[in-house]
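Notes for the one structure printed next.
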Amino acid sequence: MRDVRHEPRRVFIETWGCQMNELDSQRMVGQLMQQGVLPTKDPKEADLILLNSCSVREKAVHKVYSRLGEYRLLRKERAELLIGLCGCVAQQEGEAALERVPDLDFVLGPGRVGELAQVVARRRAGERVVATGFPPERAYDIDAVARQGEYKGMVTIIEGCNKSCTFCIVPQTRGPESSRPLADVLREVRHLLDYGFAEIELLGQTVNHWREPGGEADFADLLDAVATLPGLQRLRFVTSYPRDFTPRMVEQIGRHANICPYLHLPVQSGSDPVLRRMGRGYSRAQYVDLVAQLRRARPDLALSTDLIVGFPGETEEDFEQTLELVRQARFAATYAFKYSPRPGTAAPRLDGAVPAEVADERLQRLFALQEGIQHEINQGLVGQELEVIVTGWGKQPGMQTGRTSCHRVVHFHAGSEPAALGSTMHVEVEAGFPYSLAGRRLGASAAGSPGSP
Ligand code: SAM
């Protein structure tokens with residue numbers, strides 16, 4: 001029998017997946033830090049290891065068990081090491097994870113992140129805990145978040161998902177939708193602005209489906225209320241669901257200069273029959289019309305999207321429709337994935353499985369098309385002066401990196417006086433590559449000025 005009473009001093013956390021998982025990891029580390037457990041970047045130094053997993057695509061479960069196996073080997077050096085499985089695979093597997101890995105210490109789903117400190121305490125008292133499911137009241141302490149990075153603070157405004165896209169496991173792993181009250185959101189954003197973040201990112205699986213619990217206000221009202229908070233330089237939000245956009249939301253995006261001219265708007269496919277089988281609830285024409293409305297409101301808008309290729313029944317003609325949409329929409333970035341069947345979803349029961357090699361070949365054609373488009377768009381920015389928030393150091397010595405308000409990465413020479421991380425600079429773009437820009441540093445902006453394109 002392992003002795004599990006040891007009090008952890010160092011936590012190592014590995015995070016897979018989306019921004020919501022990133023924020024969940026910050027919340028888990030924050031709770032532990034309040035108890036004197038400090039983070040480490042080296043798993044060998046840790047006496048508590050958390051694997052914050054993602055289950056959007058296949059092999060996730062397999063990958064989780066193989067990583068847990070690697071971590072268990074560290075017990076040869078450190079017998080007291082506690083290991084917890086967190087995130088969406090934790091929710092999906094639950095009790096089965098404890099059965100499959102006899103010395104796994106606990107399982108903590110995304111709906112129970114706020115209970116990590118108690119779960120560790122229960123484990124130290126001898127219980128192997130499975131904390132999954134979605135309690136109606138979820139603990140969320142804004143003081144117990146180990147904020148990372150110099151410039152961007154993330155705020156969850158809506159948890160879970162009520163959509164029923166036939167390919168997606170998220171409604172099972174993150175539970176039903178639950179919006180946070182506006183007053184809580186504003187309090188957390190003010191807290192982050194006081195802390196010094198220049199940029200706020202609002203998070204939700206369907207972020208624009210936010211509604212005031214028991215009230216009338218919707219995401220348009222929330223955008224207005226957040227964007228007008230003093231000192232907010234850049235406001236982003238992710239992920240928007242096309243069908244949930246309203247004209248009032250589009251209007252707010254046009255009205256507030258500090259709402260970034262960048263939007264992630266997953267379309268998934270350019271073919272109506274495929275969109276119908278995916279259960280997305282919009283047509284290609286409706287998506288294209290929404291993009292036109294958004295671009296009228298913000299002509300400088302950079303759009304990114306998610307695409308799935310090889311969805312059951314996708315014909316060559318359907319796929320051509322996707323390519324055509326990509327040519328037409330000129331996305332600044334696309335995140336394209338091969339369809340992967342997920343347990344408990346409806347799509348695996350659909351006819352017309354697409355052979356893996358066909359899906360692979362389609363994905364490569366899509367990547368090649370999009371890379372060319374991105375290269376052209378980025379080359380078109382050469383000569384422009386852009387405002388960037390300095391986000392880090394480049395791989396080459398003497399280089400720094402920043403992000404434009406359109407979310408593009410810019411590399412520039414630090415010069416003799418490197419810019420502080422989180423500060424705002426102007427750069428003149430000198431070269432455009434498919435995935436980044438290179439620029440010449442011009443000078444610092446006045447603090448608090450709104451982002452330029
Ligand atoms: N809630 C967002 C929405 O529906 O637009 C995104 C949710 S998901 C975390 C992020 C992306 O993963 C999706 O937009 C989709 O492109 C991709 N994805 C989800 N399930 C998938 C599956 N079964 N196979 C391949 N890609 C998938």
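Need the failing condition index for C165 against (1) within 16 Å of the ligand (Cβ to nearest atom); (2) under 28 Å from I389 (Cα atoms), just the number.
So the condition that C165 fails would be (2).
So which of A353, A297 ends up being surrounded by fewer than 21 Cβ atoms within 10 Å (Cβ to Cβ) and more than 16 Å from the ligand (Cβ to nearest atom)?
Result of the check over A353, A297: A297.
Could you please find all residues in the stretch 300-317 being acidic (D, E), in contact (Cβ under 8 Å) with a residue 24 or more places away in the chain and away from the ligand (no atom under 15 Å from the Cβ)?
Passing the criteria: D300, E317.
Give the residues of the stretch 235-273 that are crowded, with 23+ Cβ neighbours inside 10 Å, near the ligand (Cβ under 10 Å from one of its atoms) and under 18 Å from the mean Cα position of the chain (by Cα), sorted by residue number.
Listed by number, the residues that qualify are V267, Q268.
In the stretch 275-290, which residues are within 15 Å of the ligand (Cβ to nearest atom) and over 17 Å from Y335 (Cβ atoms)?
If the condition is that a residue be within 15 Å of the ligand (Cβ to nearest atom) and over 17 Å from Y335 (Cβ atoms), then L275, R277, G279, G281, Y282, Q286, L290 are the ones that fit.
Could you please let me know if A359 is surrounded by 14 or more Cβ atoms within 10 Å (Cβ to Cβ) and either closer than 30 Å to Q91 by Cα or within 13 Å of the ligand (Cβ to nearest atom) (or both)?
Answer is yes for this residue.
Pairs only if they're at least six apart or on different chains, beta carbon under 6 angstrom, first in the stretch 188-217 and touching a residue at least 24 places away in the same chain (Cβ under 8 Å) and surrounded by fewer than 17 Cβ atoms within 10 Å (Cβ to Cβ), second among the charged types (D, E, K, R) and outside any helix (DSSP H, G or I); list them, first residue then second.
Sorted first by the residue in the stretch 188-217, then by its partner, the pairs are R211/D218.
Would you tally the residues in the stretch 85-107 being touching a residue at least 40 places away in the same chain (Cβ under 8 Å) and under 20 Å from V145 (Cα atoms)?
The qualifying residues number 3.
Go through the stretch 307-341 and count every residue that is in contact with a Lys or Arg (Cβ under 6 Å, 6 or more places away or on another chain) and assigned to a strand (DSSP E or B).
The total comes to 1.
Among D300, D351, which is the only one that is at pLDDT below 95 and assigned to a loop (DSSP other than H, G, I, E, B)?
D300
Could you tell me which residue of the stretch 324-349 is farthest from the chain's Cα centre (by Cα), considering only residues that are more than 12 Å from the ligand (Cβ to nearest atom) and either among the β-branched types (V, I, T) or surrounded by 16 or more Cβ atoms within 10 Å (Cβ to Cβ) (or both)?
Per the criteria, the residue is L325.
Scan the stretch 384-409 for residues that are out of contact with any Ser or Thr (no Cβ under 6 Å at 6 or more places or on another chain) and at negative phi and jot them down.
Step one: list which residues in the stretch 384-409 are out of contact with any Ser or Thr (no Cβ under 6 Å at 6 or more places or on another chain), which gives 384-385, 393, 395-400, 404-408.
Within the stretch 384-409, Q384, E385, W393, K395, Q396, P397, M399, Q400, T404, S405, C406, R408 qualify.
Residues of the stretch 1-41 being of a type outside the set (K, R) and farther than 25 Å from K152 by Cβ, which ones?
M1, D3, V4, H6, E7, P8, Q35, G36
Exactly one of (1) assigned to a strand (DSSP E or B); (2) farther than 30 Å from P213 by Cα is unmet by E127. Its number?
(1)
The values are calculated or read from the model by the stated rules, or taken from the named source; none is laboratory data. As the structure is a computational prediction, the values presented were derived from the model and not from experiment. Backbone-built Cβ (ideal geometry, glycine too); neighbour counts: all protein chains shown.
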